[in-house]
Amino acid sequence: MKNDVITIDITDVTPEGYGVGRSDGRVYFIADTAVGDRVDALVLKELKSHSFAKVVNVAQPSADRIDSDCAVSKKCGGCVFRHISYDSELRLKQSFVKNAFARIAKADVTVNETVHDVPEFYRNKVQYPFARGDAGATFGYYARRSHRIIECDSCMLQDAIFGEIASFCAKTADMLHIPAYDEASGKGVIRHAVMRKNRKGQILLCLVVAEKHKKLPLLAEELDRRFEQLIGIHINVNKKRDNVIFGDETYRLLGEEVLTDILCGRTFEISPRAFYQVNAVMAEKLYNRARELASLTEEGGVILDLYCGAGTIGISIAGENDKLCGVEIIDAAIENAKRNALLNGRSEKDTLFVCGDASVGVEECKNRFGKPDVIIVDPPRKGLDRAVIDTIVGASPERVVYISCDVATLARDCAIFAESGYSTTEATPFDLFPRTGHVESVVCLSREKADDYTRVSIHTKNLQTKAN
Ligand code: SAH
């Protein structure tokens, strides 16, 4: 019952970071716990199928536990695994992928160990929400499942320079009387400070604002004077009162249009609105695995890169004899992709980037280069629409390399592919977002396996015929 204190053993942890335990036939979700903990927990909320509780005392700590090294980790919605060792987090992430395939895809898939690198200071991007505090503008991170801002200008996941720039921006905006946006009333100007840093340490800042306040160019000048790392300052205007960060219009106030970075030895220009992997070291490992799984040959083939962003995967893995077609819904990202192809020596004759829904990809690719040999998909969390799966299967590529940031939709889609003869025997988790609950994974769905099945069934049929 609500407000009871129960003693409970934690037997599992969810990707949202909740420990799971059972007591009197009920399932309890309890934040900040680890598998192997015995905790006393206060029941906060009872729902039909499960309850939420809060730790009041760790009666017996799990061997996975460590002391959190972040002052705000219990409040902030960013890291959900700061209280357990990184090794145990990697094992957990492997188990998330295993469980999803077993429960959702009902498939017997070998899940490899989680590929990882360093768990600290890996992010090259921040998006700080701004708000009005008692003493002027504040910024930080959203609390778990809320839009309450937890103030924090230093974070173990990214370079301290981001906090310094945001802090200076908040103070200077106060001096210039540019108010921070207030979500409740919809009034004010500065909504988010979005920053991206390349490997050289150069930073592009995009301030998301509710209106083009006349003093924003002055603010940009002050920021530019103070931080030599800032190579460009843009504003994006978002007047809508919803949860989407960016609006449709982006303007450059000063400096560069794009940030240039190196990934897999290739050069990429990225606009503020284009997607770019936040963990460059791990992105390289992921792309290298995608290249292996694609099994491209020297003679070349046709590669279709769906959900291609600024073209990073396709351009990283395609050889000079390959034809490359990429499809992406964000216009600015496709403009980047076209330019990135040229920057990396790809000819227009062998490269096509199209702005549109992923479902048009196969058709566009066929019209220009013929049937794709390999299709790479890297969709957002919701996974692939049925229409996209149907067009992929209809094109009968040799292989589909599926990169996913949500293992539940990956497992769901793999089950659909399996019905059409595309199957996989292994999946590999990649820890692109250490200390958070997010896990990226990659699988290669192969048609050869389907042929094997066909061969097996033909063979069996022949045997039966013979036996008959
Ligand atoms: N492969 C890229 C980007 C992956 S993120 C990389 O590794 O950098 C997913 C991308 O899918 C985003 O760029 C997003 O803008 C794009 N996207 C979202 N919905 C889409 C749709 N319906 N059709 C095509 N692209 C879409």
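The values are calculated or read from the model by the stated rules, or taken from the named source; none is laboratory data. From a predicted model like this one, the values you see are computed outputs, not experimental measurements. FYI the Cβ positions are ideal-geometry reconstructions off the backbone, even for glycines, and counts take in every protein chain you see. All accessible areas refer to the heavy atoms of the entire protein, side chains included, with ligands and DNA or RNA removed. Shrake-Rupley method; radii C 1.70, N 1.55, O 1.52, S 1.80 Å.
Out of the residues in the range 1-37 that are within 24 Å of residue 90 (Cβ to Cβ) and of a type in the set (D, E, K, R), which is least open to solvent (accessible area, probe 1.4 Å)? Even if it seems obvious, please write down each step before you answer.
Filtering the range 1-37 for residues within 24 Å of residue 90 (Cβ to Cβ) gives 9-21, 29-37.
When the remaining residues are screened for being of a type in the set (D, E, K, R), the result is 9, 12, 16, 32, 37.
On the way: 9: 69, 12: 56, 16: 108, 32: 36, 37: 1 Å².
This residue is 37.
When the range 361-378 is filtered for residues that are open to solvent by less than 60 Å² (accessible area, probe 1.4 Å) and within 15 Å of the ligand (Cβ to nearest atom), the ones remaining, listed by number, are 361, 362, 365, 374, 375, 376, 377, 378. Summed over the range 78-126, the residues that are touching a residue at least 24 places away in the same chain (Cβ under 8 Å), surrounded by fewer than 17 Cβ atoms within 10 Å (Cβ to Cβ) and of a type in the set (S, T, N, Q) give a count of 2.
Out of curiosity, is residue 273 at pLDDT below 95 and either among the aromatic types (Phe, Trp, Tyr) or within 13 Å of the ligand (Cβ to nearest atom) (or both)? Spell out the reasoning first.
Numbers: at pLDDT below 95: yes; either among the aromatic types (Phe, Trp, Tyr) or within 13 Å of the ligand (Cβ to nearest atom) (or both): yes.
Criteria met by residue 273.
Residues in the range 139-174 that are at pLDDT 95 or above and among the β-branched types (Val, Ile, Thr): 3 in all. Return the residues of the range 379-389 that are more than 16 Å from residue 408 (Cβ to Cβ) and near the ligand (Cβ under 9 Å from one of its atoms); say none if nothing qualifies. Selection gives 388 alone.
Whenever a residue of the range 342-353 is farther than 13 Å from residue 311 by Cα, it has no partner that is among the β-branched types (Val, Ile, Thr) lying with C-beta atoms less than 7 angstrom away and at least six residues away or across chains.
Within the range 359-385, residues that are farther than 21 Å from residue 290 by Cβ reach partners that are near the ligand (Cβ under 9 Å from one of its atoms) with beta carbons closer than 6 Å, at six or more positions or on different chains, in the pairs 359/388. Would you confirm, using the coordinates I've provided, whether residue 193 is closer than 30 Å to residue 285 by Cβ, part of a strand (DSSP E or B) and either touching a Phe, Trp or Tyr at 6+ places or on another chain (Cβ under 7 Å) or hydrophobic (A, V, I, L, M, F, W, C) (or both)? For residue 193, the condition - closer than 30 Å to residue 285 by Cβ, part of a strand (DSSP E or B) and either touching a Phe, Trp or Tyr at 6+ places or on another chain (Cβ under 7 Å) or hydrophobic (A, V, I, L, M, F, W, C) (or both) - is met.
Do we find a residue being assigned to a helix (DSSP H, G or I) and more than 16 Å from the ligand (Cβ to nearest atom) anywhere in the range 329-346? Give the derivation first.
First, pick out the residues of the range 329-346 that are assigned to a helix (DSSP H, G or I): 331-343.
Those still in the list that are more than 16 Å from the ligand (Cβ to nearest atom) too: 342.
For the range 329-346, residues assigned to a helix (DSSP H, G or I) and more than 16 Å from the ligand (Cβ to nearest atom): present.
With respect to the conditions (1) part of a strand (DSSP E or B); (2) exposed (fewer than 14 other Cβ atoms within 10 Å of the Cβ), residue 52 lacks only one, and its number is (2). In the range 51-77, the residues that are within 14 Å of residue 31 (Cβ to Cβ) form Cβ pairs under 7 Å with partners that are open to solvent by less than 50 Å² (accessible area, probe 1.4 Å) and of a type in the set (S, T, N, Q), at six or more places apart or across chains, as follows: 55/33. Residue count for the range 281-300 satisfying the condition of being over 22 Å from residue 350 (Cβ atoms), open to solvent by less than 70 Å² (accessible area, probe 1.4 Å) and in contact (Cβ under 8 Å) with a residue 60 or more places away in the chain: 5.
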